[in-house]
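Notes to accompany the following structure.
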Amino acid sequence: MAKFFSQNDIDLFKECFFFIAKRGYTQSDQELGQIMRSLAYSPTEEEVHTYFSKYVKDGKIDFASFLEVMHTHNMKEKAVKEIVQGFKAHDSEGRGYVQTNEVKNILLNLGEQLKRNE
């Protein structure tokens, strides 16, 4: 799986995985989902359950299997690319940035609405 991720990505995945899966493996799809979400991915409960069922070995998912899960999910969800495209869509003048007020407006009024303090 190292060919699909940079060393920095693998280090980040490893740190997060072992922070949550202190035993060196996870035995539940809830814990797998928690790890993935803490890495800023957004898998659905159904996706997490499917990954767990597919990659579980002896009732566990170890770090090597977790990398396979992340590769599979990464093919579906391109979070960073989507965020950059979203910012580019709001940068109508091609300045390379979006005004703070515009970002606040987007976060407060579109999608899952946030409160001002969030």
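The values are calculated or read from the model by the stated rules, or taken from the named source; none is laboratory data. Predicted model, so just to flag it, every value in this text is computed and none were measured. No Cβ is skipped: glycine too gets one built from the backbone with ideal geometry, and neighbour counts run over all protein chains shown. Each accessible area value is taken on the protein alone, full model and side chains, heavy atoms only, with ligands, DNA and RNA left out. Shrake-Rupley method; radii C 1.70, N 1.55, O 1.52, S 1.80 Å.
Structural remarks
- When both the stretch 1-37 and the stretch 73-100 are represented by their alpha-carbon centers, they are found 25 Å apart.
- Two-site FRET efficiency, Ile106 against Ser38, from Cβ-Cβ distance with R₀ of 25 Å, rounded to 0.05: 0.55
- Distance between the pseudo-spin-label points of His49 and Phe4 (7 Å out from Cα toward the beta carbon): 2.3 nm.
- Estimated from the Cβ-Cβ distance and a Förster radius of 30 angstrom, the FRET efficiency linking Ser28 and His71 is about 0.90.
- With 0.36 nm allotted per residue and the present C-alpha distance subtracted, the Gln85-Phe63 stretch has 4.8 nm of extension available.
- The percentage of C-alpha pairs in the chain whose separation is greater than 19 Å is 55%.
- In the stretch 43-105, the chymotrypsin sites (Phe, Trp or Tyr not before Pro) that fall in loop regions by DSSP, at most 14 other Cβ within 10 Å: Tyr97
- To put it simply, the accessible area of the stretch 49-118 at a 1.4 Å probe is 52 percent carbon and sulfur.
- Among Ile20, Ile83, Ile106, residue whose mean-square fluctuation peaks in a GNM of the chain (springs only between Cα atoms under 10 Å): Ile106
- Take the Cβ atoms of Lys115 and Glu15, set R0 to 35 Å, and the FRET efficiency comes out at 0.70.
- Probing with 1.4 Å while keeping every protein chain in the model, the per residue accessible area of the stretch 37-86 equals 61 Å².
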